[in-house]
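Below you will find the structure I want to go over with you.
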Amino acid sequence: MPETILYCPFCQKQTIKAFHRPAYTGVGRSRGSGQSSTYSTHHEDEYIILNGCSDCGKPINEVREKMGFKKKGS
Ligand SMILES: [Zn+2]
């Protein structure tokens, strides 16, 4: 995965390291008895935040939350 630098949502400095995973659609194949069928799985693109802000000292979990990368359903 390509590593990228994001802006801190609190102090707007480029201090947040993240992996960017682009959206992709994968094709899977399920094996049954004799028959096989394909299905597709769609994944939204996402950023995986790797550190908090070294400038304003915000911890990684607050940066994630502020950027809206909460897990769905929470
Ligand atoms: Zn900051």
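Here, each number is a calculation from the coordinates, and none is a lab measurement. What you are looking at is a predicted structure, and each value in this text was computed from that prediction instead of being measured. A quick note on method: Cβ atoms are made from the backbone with ideal geometry, for glycine too, and the neighbour counts reach across all protein chains shown.
Grab the strands (runs of 3 or more DSSP E) fully contained in region 1-70, keeping just those with 3 or more residues being polar (S, T, N, Q). Break it down stepwise before answering.
Numbers: elements: 3-7, 14-21, 24-31, 36-43, 46-49.
Output list reads 36-43.
Quick one: in region 39-58, of everything that is among the polar types (S, T, N, Q) and loosely packed, with under 10 Cβ neighbours inside 10 Å, which residue is nearest to the ligand (Cβ to nearest atom)? Quick ask: steps written out before the conclusion?
We begin by selecting, within region 39-58, every residue among the polar types (S, T, N, Q); these are 40-41, 51, 54.
Now drop any that are not loosely packed, with under 10 Cβ neighbours inside 10 Å, which leaves 40-41.
Working: Ser40: 39, Thr41: 35 Å.
Out of the qualifying residues, it is Thr41.
If I go through region 12-38 residue by residue, how many of them are on the phi < 0 side of the Ramachandran plot and within 12 Å of the ligand (Cβ to nearest atom)?
Within region 12-38, the subset on the phi < 0 side of the Ramachandran plot is 13-33, 35-38.
Subset that is within 12 Å of the ligand (Cβ to nearest atom): 13-16.
Total meeting the criteria: 4.
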